[in-house]
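Asker: If you scroll down you'll find the structure; I have some questions about it.
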Amino acid sequence: MFYEPSRGHGLPHDPFKAIVAPRPIGWISTQGRNGDLNLAPYSFYNALTTDPHLVWFSSEGEKDSVVFARETGEFVVNLVGRGLAERMNASSVDAPLGVSEFDYAGLSTAPSRLVRPPRVAEAQAALECKLTEIFRPKTITGEFSVAHVVVGQVIGVFIDDAVLTDGLFDVVKAGTVARLGYMEYTAVTETFAMRRPRWKAD
């Protein structure tokens, strides 16, 4: 089949997110200038570069994570392991401003080293970030989309030693969770390695 998104697909559900998958989950913790905490998962999330270490997440609408990151200039990305998947999902609740999703999802906070927002104490890795910019991507007609893209530079990294194997971060031990389409998720249970080829001139 072929379809144009602007004209509809004729399927029971939009397949876009199922095609662009798996997507890593940015479990974003933020703190407002008044001290309110927020915790929310974003599957529109990824790394941009390692020089410097930049990550981004995209919110469809100006949600609390965006507002708090703008207010304080900081946020934390927490890793979602398989053992935390259900509580991650609970933290996606549309709680009113001022209600902590940490409490709602039965999670503990742990102080970050270099930024104000706490990390999820139960998470086995976390990236402490300083905000670099927030922008709204444009459509092909030049209009602003609903997305608010938040970019941050990673200034601190927490790793639980339990998920290190011979000095390498072990995604299988962590059971890193990713978002698929519809209501589906997946967790890393196996990996395989391939070396990047090098061009050999004659």
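The values are calculated or read from the model by the stated rules, or taken from the named source; none is laboratory data. Small disclaimer: the values here were computed from a predicted structure and weren't measured. Ideal geometry is used to build each Cβ from the backbone, glycine not excepted, and the neighbour counts take in all protein chains shown. We work out accessible area using only protein heavy atoms, side chains counted, and drop any ligands, DNA or RNA first. Shrake-Rupley method; radii C 1.70, N 1.55, O 1.52, S 1.80 Å.
Asker: Looking at S58 and the list (1) touching a residue at least 40 places away in the same chain (Cβ under 8 Å); (2) part of a loop (DSSP other than H, G, I, E, B); (3) not aromatic (F, W, Y), which single condition is not satisfied?
Answerer: Condition (2) is where S58 drops out.
Asker: I'd like the full set of residues that are open to solvent by 80 Å² or more (accessible area, probe 1.4 Å) and either assigned to a strand (DSSP E or B) or farther than 27 Å from L107 by Cα (or both), limited to segment 11-31.
Answerer: Residues of segment 11-31 that are open to solvent by 80 Å² or more (accessible area, probe 1.4 Å), as a first pass: 12-14, 16-17, 19, 22.
Within segment 11-31, P12, H13, D14, F16, K17, I19 meet the criteria.
Asker: Continuing with the same structure: Can F75 be described as in contact with a Pro (Cβ under 8 Å, 6 or more places away or on another chain) and either in contact (Cβ under 8 Å) with a residue 12 or more places away in the chain or not in a loop (DSSP other than H, G, I, E, B) (or both)?
Answerer: Values: in contact with a Pro (Cβ under 8 Å, 6 or more places away or on another chain): yes; either in contact (Cβ under 8 Å) with a residue 12 or more places away in the chain or not in a loop (DSSP other than H, G, I, E, B) (or both): yes.
Yes: the conditions hold for F75.
Asker: Considering only residues that are among the hydrophobic types (A, V, I, L, M, F, W, C) and touching a Gly at 6+ places or on another chain (Cβ under 7 Å), look in segment 126-157 and name the one that is surrounded by the most Cβ atoms within 10 Å (Cβ to Cβ).
Answerer: Step one: filter segment 126-157 for residues among the hydrophobic types (A, V, I, L, M, F, W, C), giving 126-127, 129, 131, 134-135, 140, 144, 146-147, 149-151, 154-155, 157.
Next, only the ones that are touching a Gly at 6+ places or on another chain (Cβ under 7 Å) stay: 129, 131, 146.
On the way: C129: 31, L131: 18, V146: 12.
Within segment 126-157, the match that is surrounded by the most Cβ atoms within 10 Å (Cβ to Cβ) is C129.
Asker: Considering segment 75-99 alone, what residues qualify as being open to solvent by 20 Å² or more (accessible area, probe 1.4 Å) and either of a type in the set (G, A, S) or within 13 Å of P118 (Cβ to Cβ) (or both)? Step through it out loud before you land on a result.
Answerer: Residues of segment 75-99 that are open to solvent by 20 Å² or more (accessible area, probe 1.4 Å), as a first pass: 79, 82-83, 86-87, 89-90, 92-99.
The answer is G83, A90, S92, A95, G98.
Asker: So which pairs qualify, if the first residue must be in segment 81-98 and without any contact (Cβ under 8 Å) to a residue 40 or more places away in the chain, the second must be open to solvent by less than 20 Å² (accessible area, probe 1.4 Å) and part of a helix (DSSP H, G or I), the Cβ gap must be under 9 Å, and the two must be at least 6 apart or on different chains?
Answerer: A90/E101; V93/E101; A95/E101
Asker: Keeping to segment 158-179, report how many residues are more than 20 Å from H53 (Cα to Cα) and either open to solvent by 70 Å² or more (accessible area, probe 1.4 Å) or in contact with a Gly (Cβ under 6 Å, 6 or more places away or on another chain) (or both).
Answerer: 5
Asker: Looking at segment 47-72 only, could you name the residues that are loosely packed, with under 15 Cβ neighbours inside 10 Å and within 11 Å of V149 (Cα to Cα)?
Answerer: Step one: of segment 47-72, the residues loosely packed, with under 15 Cβ neighbours inside 10 Å are 47-52, 60-62.
Correct list: E60, G61, E62.
Asker: Can you spot a residue in segment 32-45 that is at pLDDT 95 or above, over 20 Å from S112 (Cα atoms), of a type outside the set (D, E, K, R) and outside any strand (DSSP E or B)?
Answerer: yes
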